[in-house]
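Chemist: First, the structure itself, so that you have it in front of you.
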Amino acid sequence: MKSTFNVQLYQNRKVVWLISFSLCLISIIGMIICFRSTSIKAPLNLGLDYTGGTQITLERSCADDCITLNTSDISNNINSLKNQDKNFSSNNSPNLNRSQIQLLDNSKSISIRLPFLSAAQSESVVSEVNKSFGPFINENTSVEIIGPSLGKQLLKSSLISLFFAFLGIALYINFRYDRRYSFLALFALLHDILIVCGVFAWLGYFFNVEVDSLFAVSLLTIAGYSVNNTVVVFDRIREKSLIDNHLSFKYQIDKAVGATLTRTLFTSLTTLLPLICILIWGGSTLYWFAFALFVGVIAGSWSSIALAPSLLSITSNKEYDE
């Protein structure tokens, strides 16, 4: 026999709303602060995928087994140019802290993404990296400019993808249930997305963490995960409304949430475990992608078992009321 927790969601609904409201308010404040920041000027600290920049690709001249490099060492090496190279001495010099380093083909190739550099600045970067991590094959060294129009197109595509994901979810739940369920599922989804964006807004403001195309992928993944949990809870609520129709709607919701609580927590835990492994051992490339999913899974679980059902309990039809 399945265990059912005695959940008193309706009695504690104001606490649930206060927690969610506080998190959303903090997120909005963080996004406003980023937008007003002179160095960011956007709700989130947009990475080079969206703003454009310079990409430098270097191929190391070594045998089959190259010495393994560390991306943080390369990044620190590039940052040192601010204090020792005249090309980066002016106040208008690009922010070298925004460098994104990728090691390809077992450290045989190095891909460096930086804000827009002049030809002289690009040569300084290549020369400095060559001193510490070379030699490189000069013929295979490439310096490419990623224009801002490409970044804007990528940002536009990301927003369109999110819009159609939300629209598809709304249509599905509206067809499966009714408008109340559809609205609350979307509301819970916006709650989850807002919290994730708020966390990254604060990280971007204090720690210069940038969002890239993987961040948009994480938001789409969070949307699917959150709605899946919410649909399971709504399904159980509809089932309880048929079986326990002698109870008021708010008590039917409490029983439904109690019946799905174990399933939701176990599902969230098994999702979080591989994300924790990626955070620890996945390297810098996937770190913030996994962190966004980590925050989104926690927020999605909370909205599915607490926020959406508690809001549904106050929108009941008259026939369900006491």
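The values are calculated or read from the model by the stated rules, or taken from the named source; none is laboratory data. What you see is a predicted model, and the numbers here were worked out from it, not measured in a lab. Here Cβ is always computed from backbone atoms with ideal geometry, including for glycine, and neighbour counts include all displayed protein chains.
Chemist: So the check is Cβ under 6 Å with 6+ separation or different chains; which pairs have a first residue in segment 163-183 that's assigned by TED's automatic domain parsing to the domain that holds residue 315 and at pLDDT 80 or above and a second one that's part of a helix (DSSP H, G or I) and β-branched (Val, Ile, Thr)?
Modeler: Sorted first by the residue in segment 163-183, then by its partner, the pairs are 181/173; 182/173.
Chemist: Kindly indicate which of 196, 211, 227, 233 is of a type in the set (A, V, I, L, M, F, W, C) and under 23 Å from residue 101 (Cα atoms).
Modeler: Going through 196, 211, 227, 233 in turn, the sole match is 211.
Chemist: Now for a different question. Considering (1) touching a Phe, Trp or Tyr at 6+ places or on another chain (Cβ under 6 Å); (2) more than 13 Å from residue 60 (Cα to Cα); (3) of a type in the set (S, T, N, Q), say which one residue 130 fails and leave the rest.
Modeler: Evaluating residue 130 over (1) touching a Phe, Trp or Tyr at 6+ places or on another chain (Cβ under 6 Å); (2) more than 13 Å from residue 60 (Cα to Cα); (3) of a type in the set (S, T, N, Q) leaves (2) as the failure.
Chemist: Another question about this same structure. The conditions are (1) over 22 Å from the mean Cα position of the chain (by Cα); (2) part of a helix (DSSP H, G or I); (3) surrounded by fewer than 21 Cβ atoms within 10 Å (Cβ to Cβ), and residue 245 fails exactly one of them. Which is it?
Modeler: (2)
Chemist: Could you pull out the residue among 87, 77 that is within 24 Å of residue 109 (Cα to Cα) and part of a helix (DSSP H, G or I)?
Modeler: None of the other options fit; the residue is 77.
Chemist: Also, quick follow-up: From the list 38, 54, pick out the single residue that is β-branched (Val, Ile, Thr), buried (at least 18 other Cβ atoms within 10 Å of the Cβ) and outside any helix (DSSP H, G or I).
Modeler: On inspection, the qualifying residue turns out to be 54.
Chemist: Determine if segment 32-54 includes at least one residue that is among the β-branched types (Val, Ile, Thr) and in contact with a strand residue (DSSP E or B) (Cβ under 7 Å, 6 or more places away or on another chain).
Modeler: yes
Chemist: Would a scan of segment 105-117 turn up a residue that is free of Cβ contacts under 8 Å to residues at least 40 places away in the same chain, not assigned by TED's automatic domain parsing to the domain that holds residue 254 and not hydroxyl-bearing (Ser, Thr, Tyr)?
Modeler: yes
Chemist: So which of 306, 256, 216 is under 30 Å from residue 153 (Cβ atoms) and of a type in the set (A, V, I, L, M, F, W, C)?
Modeler: The match here is 216.
Chemist: Now a separate question. Within segment 42-75, which residues are under 26 Å from the mean Cα position of the chain (by Cα) and aliphatic (A, V, I, L, M)?
Modeler: Within segment 42-75, 42, 44, 46, 48, 74 qualify.
Chemist: When both residues are 6+ apart or on different chains and their Cβ atoms are under 9 Å apart, which pairs have a first residue that lies in segment 211-223 and is among the acidic types (Asp, Glu), and a second that is at pLDDT below 90?
Modeler: Taking only residues 6 or more apart or on different chains, the pairs are 212/46; 212/47; 212/48; 212/49; 212/50; 212/100.
Chemist: Here's something else I'd like to know. Determine whether residue 70 is surrounded by 13 or more Cβ atoms within 10 Å (Cβ to Cβ) and farther than 19 Å from residue 155 by Cβ.
Modeler: yes
Chemist: Ok, one more. Take the residues in segment 129-155 that are surrounded by 15 or more Cβ atoms within 10 Å (Cβ to Cβ) and touching a Gly at 6+ places or on another chain (Cβ under 7 Å), then tell me which one is modelled with the highest pLDDT.
Modeler: The extreme case among them is 146.
Chemist: Please determine whether any residue of segment 81-89 is crowded, with 16+ Cβ neighbours inside 10 Å, aromatic (Phe, Trp, Tyr) and assigned by TED's automatic domain parsing to the domain that holds residue 224.
Modeler: Scanning segment 81-89, I find no residue that is crowded, with 16+ Cβ neighbours inside 10 Å, aromatic (Phe, Trp, Tyr) and assigned by TED's automatic domain parsing to the domain that holds residue 224, so the answer is no.
Chemist: Right, another one. Restricting attention to segment 185-196, does a residue exist that is surrounded by 14 or more Cβ atoms within 10 Å (Cβ to Cβ), among the acidic types (Asp, Glu), touching a residue at least 40 places away in the same chain (Cβ under 8 Å) and over 18 Å from residue 26 (Cα atoms)?
Modeler: Taking every residue of segment 185-196 in turn, none turns out to be surrounded by 14 or more Cβ atoms within 10 Å (Cβ to Cβ), among the acidic types (Asp, Glu), touching a residue at least 40 places away in the same chain (Cβ under 8 Å) and over 18 Å from residue 26 (Cα atoms).
Chemist: A follow-up question, please. Out of curiosity, is residue 285 surrounded by fewer than 20 Cβ atoms within 10 Å (Cβ to Cβ), at pLDDT 90 or above and within 17 Å of the chain's Cα centre (by Cα)?
Modeler: no
Chemist: Turning to a different aspect of this structure: Testing residue 158 on (1) buried (at least 21 other Cβ atoms within 10 Å of the Cβ); (2) at pLDDT below 85; (3) of a type outside the set (D, E, K, R), one condition comes back false. Which one is that?
Modeler: (1)
Chemist: Further question on the same structure: Under 7 Å between Cβ atoms, at least 6 apart or on separate chains: pull out the pairs that start in segment 260-280 with a residue that is over 20 Å from residue 309 (Cβ atoms) and end on any residue that is of a type in the set (Phe, Trp, Tyr).
Modeler: 272/294; 275/294; 279/287; 279/291; 279/294
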